[in-house]
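Data first, discussion second: the structure below is written as structure tokens.
Just so you know, all these numbers are worked out from the coordinates, no wet-lab data involved. Given the structure is predicted, the values throughout are model-derived calculations rather than measurements. With ideal geometry, Cβ positions are generated from the backbone for all residues, glycine too; neighbour counts draw on all protein chains shown.
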Amino acid sequence: MRSGSAGEMVCDRVGCVARMCSFALAFMFVVGGCQRTVVTDRLTTDYERTDQAAEMNFWHSLPSRATISNDEALHGLILTVDGEDPTAAYEQRVEMARARGWVGMGFDEPPDLAARRGMLARAIAVACEIRGGIVMRLFGVSDRYATRELVYLGLMIESTENQAISGLEYLGVMQKVQDHLQTAELNSARAAPGEVDVPLGDSVPVDDARTASEHHDDVKGPAEQEGGEPGSDRGLPR
């Protein structure tokens, strides 16, 4: 009886240790998977707004970046949307982003933390006035649904809101954002009484879409008539 009892006790202890080890490994996996990368070699973003060489160096350095930081993400988006970044520091960029609704009022992430796709997607959706689907219209823009909407529109590749983004992909996203904004400006300039107004990011009946498309083909702006590219030049280099 004693021998059996001792054996059972040993088995119980071994099983307990095994369960504890399994739990510890699972915990380490979860915690490790949730950790965000810290970008230690951030690109310079506090250069003078008139320093075109520094701005070009910023854009040209992005493709080699494995991950971009919050500071780089906001700086590039401001350049793309406004054509220049009037801020002098990351804290000012965050204040601007909060004021515009690009990020929540409680956003206080450090500048060197890897930017999340969800943060960027929400900022883009607000900046481009993308209305999204029923959920976004009812409950407002969130990181998750903004990411899904941008994936649906082809502005981002298939991904989740908590993933980081590489410099090369970020540059591609900014190019698409620039094209999206230029198309919106072009549609606004061509708007006329009785013409179908189709907000970008919305779905429309086929007949209305065909009407808008036919009008787009018939009317040419000055840039197109001269053989140039329609739309205004923004932050990204051509």
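Could you run the Karplus curve 6.51 cos²θ - 1.76 cosθ + 1.60 with θ = phi - 60° over the range 124-138 and give me ³J(HN,Hα) per residue in whole Hz, x for Gly and Pro?
5, 4, 6, 4, 8, 6, 7, 6, x, x, 4, 4, 5, 6, 7
For an R0 of 25 angstrom, estimate the FRET efficiency from the Cβ-Cβ distance between ARG190 and GLU84 and round to the nearest 0.05.
0.40
Roughly how far apart, in whole Å, are the Cα centres of the range 73-129 and the range 138-176?
14
Extending each Cα 7 Å along its Cβ direction at ALA66 and ASP46, get the distance between those two points in nm, one decimal.
2.6
I'd like the Karplus ³J(HN,Hα) series for the range 139-144: coefficients 6.51, -1.76, 1.60, θ = phi - 60°, whole numbers in Hz, and an x wherever there's a Gly or Pro.
Couplings: 10, x, 7, 10, 4, 5 Hz.
Between GLN182 and ASN57, how many nm apart are label points set 7 Å from Cα along the C-beta direction?
Each label point is offset 7 Å from its Cα along the Cβ direction, giving 2.7 nm.
For the range 45-53, take each phi angle, set θ = phi - 60°, evaluate the Karplus expression 6.51 cos²θ - 1.76 cosθ + 1.60, and give the result in whole Hz per residue in order, putting x for glycine and proline.
Using θ = phi - 60°, the values come out as 10, 9, 6, 5, 5, 8, 7, 5, 5 Hz.
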